[in-house]
Amino acid sequence: SSGINAELVSDEKDEEEKVESLSKNSGNLEGDQVIAKRSETDFLPASHNKKNLSFSTFEADKIQSDNDRILQNLVEIQVRKPKYKPEKPAPVRPHHAAINRKRQEDKIKQENYRLLNRLLTAK
């Protein structure tokens, strides 16, 4: 195990040196090439390079395809037009206190009008 770690460290240092030398000579690169540093998993044997250690590759692929299918269904549901028409909002009704206040105001106006008529006829 320590031999593998030492080998990984030396390989990583070699890669860093390559990246540094290539970045210094970036004028020699054609187009927009991007040089990426390799990760530690790139140096592991293929048996260690598994995406998911809890499941076999077949099971992980099946899970991934099921997740992709479910995601596609959710996206279709989200963009789909609703099958029902939204209900119109209920008409706004005044509060009972507002109704009673309005009745009281109307009653006062009516009494004031009667009183005004009596005063005008008395002159």
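The values are calculated or read from the model by the stated rules, or taken from the named source; none is laboratory data. Because the structure is a prediction, the values reported are computed rather than measured. Neighbour counts are summed over all protein chains in view; Cβ atoms, including those assigned to glycine, are modelled from backbone coordinates with ideal geometry. What goes into the accessible areas is simple: the full protein's heavy atoms, side chains included, and nothing from ligands, DNA or RNA. Shrake-Rupley method; radii C 1.70, N 1.55, O 1.52, S 1.80 Å.
Kindly check whether there is at least one residue in the stretch 80-95 that is loosely packed, with under 10 Cβ neighbours inside 10 Å and assigned to a helix (DSSP H, G or I).
No - not one qualifying residue is present in the stretch 80-95.
Within the stretch 48-56, identify whether any single residue is at pLDDT below 80, open to solvent by less than 100 Å² (accessible area, probe 1.4 Å) and more than 29 Å from the chain's Cα centre (by Cα), and answer yes or no.
yes
Run down Ala60, Ala98 and say which single residue is modelled with pLDDT of 75 or more, in contact with a Ser or Thr (Cβ under 9 Å, 6 or more places away or on another chain) and open to solvent by less than 80 Å² (accessible area, probe 1.4 Å).
That would be Ala60, the only listed residue that is modelled with pLDDT of 75 or more, in contact with a Ser or Thr (Cβ under 9 Å, 6 or more places away or on another chain) and open to solvent by less than 80 Å² (accessible area, probe 1.4 Å).
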